[in-house]
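Take a look at the structure set out below.
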Amino acid sequence: MKRLIALSIVLLCASTTPASQDLAPKWPERAFEAQLQAKGVVFELDHDPRSLISRQIAMAGGPPSVRTHAGMMITRLGDASQDVAVDDVRGEGPNSLVFDSVWVDDEPPSEFRTLLFVSLRNTDPLEIERTWMAYEPATTNEVDGLAVIVPGTFGYPPELYEKWSDDLRGRGWSVLRLLSQPSRFTEYFPVRVNGDGSEQGRAFAARADDRTAECAYAVEYGARFIEGLDARLAGKPRTILGFSGGAILAPGVIAREPDRYQTAVLVAGGANAASISIDSTFMARFIRSVSFDFVGEDKPADRADFEAGYLEQASLDGYHAAAAFDSNTRVLIVDGTVDRAVPFVNSQLMADRLESTVGIQAERRSYPVNHVMLFMALIESVRQINDWSDDPDSAELDMPPGEEAKAQP
């Protein structure tokens, strides 16, 4: 019980945590970094990104496209591949998400491009990870910058993010839109804590950081690829919009290149992903990328140890990534006070950490709704939120300010 009380004090007082206690971002290695001079490679695929169909992998090893994409990577490496063969590369495991088919056989010409970021984990055997993205260029003569959209888990609902992209493009933003998180973001693994959970918490942090880093790498190299296609983007600012699982990842994405982001919109996100994963109703019912089993005699204390161990190690969690933000980045947080998928307390923690570590006072918009109702209402807020991304100082948000809403028991 003492350990539980101690952890509660840490979380409640997060806004006063001194910067000296923050973790600097630690970026996991990928295979062949030296040879590639990069964490991975961006390839362009011959499909309209809005025609692609996703599916969850039921068994380890991944679909046949693993061989195709591993072969593309090995070909790019050339002699530097060190005789790695396609069959030496392991595909994603159960519950991972991939895109491997299209809605129509004969796709009409499209102004959009499908990008695929591929990296190899430095394991034995090597493990592939893939991130499918859309490049959707601005429809205006002038380009204001690059907008990055990181969607909800499994890319759901895609229609929302496509509408969001279309509105941004009409304003002069070219868009890098992830179709989902990296393929292994939802790969299943169980966590069993029996007694002091600190060690398991640190192990969970290493895995979580690896998944966050992969998303950051995909955005980094995807943005470079796009900037190579359109010289008008050189030196232009970026905005990032993260939703649900994407909002949890977005702070880590920003931490990779903090000086590039002018604004950030975090919808139904939060800090301390260990706590979110344990408490989320969506994790247990729908996402199922991790399961927790606290089997010790003092389960509350074991959980407290687990979360404390996690926060000691999780340098890319929003809790610590907040400290890497450029202090000039403007942040808008939109959340639901009765959200059980990503609890409101974690969204509040993210806002507190931004203020305490780098002095960013986020614009808040909170509603007395749950996760589903918040997303159902978002379609009506696209214009207003994009107005804010364009010009935070002059945009008028009709939504009530966050301080008027209180978390519900």
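The values are calculated or read from the model by the stated rules, or taken from the named source; none is laboratory data. Worth saying up front: this structure is predicted, and the values here are computed from it rather than measured. Virtual Cβ from ideal backbone geometry, glycine too; neighbours counted across all protein chains shown.
Structure notes:
- Near pairs, Cβ below 8 angstrom, 6+ apart or cross-chain, from the range 303-314 (farther than 16 Å from residue 209 by Cβ) to any residue that is of a type in the set (Phe, Trp, Tyr): 303/294
- 1 or more residues touching a Pro at 6+ places or on another chain (Cβ under 8 Å): qualifying helices (runs of 4 or more DSSP H) within the range 253-323: 273-279, 318-321
- Count of the range 298-312 residues which are surrounded by 21 or more Cβ atoms within 10 Å (Cβ to Cβ) and either at positive phi or of a type outside the set (A, V, I, L, M, F, W, C) (or both): 6
- Selection of the range 118-156 for residues being among the hydrophobic types (A, V, I, L, M, F, W, C), in a strand (DSSP E or B) and under 29 Å from residue 283 (Cα atoms) yields 118, 120, 126, 128, 132, 133, 134, 147, 148, 149, 150.
- Selection over the range 197-209 of residues that are surrounded by fewer than 19 Cβ atoms within 10 Å (Cβ to Cβ) and either acidic (Asp, Glu) or not in a helix (DSSP H, G or I) (or both) gives a count of 1.
- Note on the range 158-203: residues that are aromatic (Phe, Trp, Tyr) and closer than 22 Å to residue 42 by Cα total 3.
Okay, residues lined up against (1) closer than 22 Å to residue 92 by Cα; (2) hydrophobic (A, V, I, L, M, F, W, C):
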{"site": "154", "(1), (2)": "yes, yes"}
{"site": "163", "(1), (2)": "no, no"}
{"site": "175", "(1), (2)": "no, yes"}
{"site": "187", "(1), (2)": "yes, no"}
{"site": "197", "(1), (2)": "no, no"}
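Per-residue answers, yes or no, for (1) touching a Leu at 6+ places or on another chain (Cβ under 7 Å); (2) aliphatic (A, V, I, L, M); (3) over 20 Å from residue 31 (Cβ atoms); (4) surrounded by fewer than 13 Cβ atoms within 10 Å (Cβ to Cβ):
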{"position": "76", "(1), (2), (3), (4)": "no, no, no, no"}
{"position": "115", "(1), (2), (3), (4)": "no, yes, yes, no"}
{"position": "124", "(1), (2), (3), (4)": "no, no, no, yes"}
{"position": "128", "(1), (2), (3), (4)": "yes, yes, no, no"}
{"position": "135", "(1), (2), (3), (4)": "yes, no, yes, no"}
{"position": "144", "(1), (2), (3), (4)": "no, no, yes, no"}
{"position": "149", "(1), (2), (3), (4)": "yes, yes, yes, no"}
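- There is at least one residue in the range 123-131 that is under 30 Å from residue 84 (Cα atoms), modelled with pLDDT of 95 or more and of a type in the set (Asp, Glu).
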